[in-house]
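The values are calculated or read from the model by the stated rules, or taken from the named source; none is laboratory data. Since this is a predicted model, take the numbers as computed values, not measurements. Please note: Cβ atoms are built from the backbone with ideal geometry, for glycine as well, and neighbour counts cover all protein chains shown. Side chains included, ligands, DNA and RNA excluded: accessible areas come from the protein's heavy atoms. Shrake-Rupley method; radii C 1.70, N 1.55, O 1.52, S 1.80 Å.
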Amino acid sequence: MAEYVDIISMNLNDPNLRPNDGGFQSVDPGTYEFEIEKQATGTSQAGNNVLKITGRVVGPEGNPMMGRTMMNSYTIQDTDFARGRMLQFLNACGAEIDQNGSFSREALVGLRFDADVEKRAGSTIDKMGNEVTRDFTSWVRERAVGSQPAAVVQQPQTQQTQQTQAAPPAKAVQPSTSNAPRRPAAPAGNGTARPRQ
């Protein structure tokens, strides 16, 4: 047997290792435990500053997605929605938020959280400026490892709550002085309240 000097050791005799043909391996929809592998800042296609988080699937044990990674972005803006999304993520992974409401990006690496992975339809702009519709996968409902997502509790409806939820009476329509065409009026209902389904 020939002796080689330029040896590359990659533990290729690992019995759990499977050949990978180089195709993209996405994370299928489901509920997983993620470990934050990388973080970076960047700019979204809309021109917003974002925090990009790469998470590796580390649980539940034995699931076929183990070891696969995916990335999610959190917009860095002073809007209630952006701040609320960031707070949800930071609370889920147990990140430390200081008295100024700030946090360390570098301290996120290695933290873990649970989330639901969903596939959604969206559109992007390609390099030629054309709008392209495609499916994309993202995680949502981030939460602490081992906890359940917050459930919406529905109260049983009584006759009184059904009456209070009935549509208010229609207001009289004032004649319009505009020359714009008017939409046809909706057909009148029978006036009975229907419970929500």
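Tabulated data
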read-out: Residue within segment 143-153 that is open to solvent by less than 100 Å² (accessible area, probe 1.4 Å), within 24 Å of Met86 (Cα to Cα), in a strand (DSSP E or B) and at pLDDT 80 or above present; value: yes
read-out: Within segment 85-104, considering residues that are in contact with a Leu (Cβ under 7 Å, 6 or more places away or on another chain) and not small (Gly, Ala, Ser), the one least open to solvent (accessible area, probe 1.4 Å); value: Cys93
read-out: Filter result (closer than 22 Å to Ser147 by Cα and either among the hydrophobic types (A, V, I, L, M, F, W, C) or touching a residue at least 24 places away in the same chain (Cβ under 8 Å) (or both)) within segment 79-104; value: Met86, Leu87, Gln88, Phe89, Leu90, Asn91, Ala92, Cys93, Gly94, Ala95, Ile97
read-out: Residues of segment 18-54 satisfying the condition of being open to solvent by less than 70 Å² (accessible area, probe 1.4 Å), closer than 12 Å to Met71 by Cβ and at pLDDT 90 or above; value: Val27, Phe34, Ile36, Glu37, Gln39, Ala40, Gly42, Val50, Leu51, Lys52, Ile53, Thr54
read-out: Any hit, segment 129-139, residues being loosely packed, with under 10 Cβ neighbours inside 10 Å, under 24 Å from Met65 (Cβ atoms) and modelled with pLDDT of 90 or more; value: no
read-out: Members of segment 105-125 found to be open to solvent by 60 Å² or more (accessible area, probe 1.4 Å) and either in contact (Cβ under 8 Å) with a residue 60 or more places away in the chain or in a loop (DSSP other than H, G, I, E, B) (or both), listed by number; value: Arg105, Glu106, Val109, Arg112, Lys119, Ile125
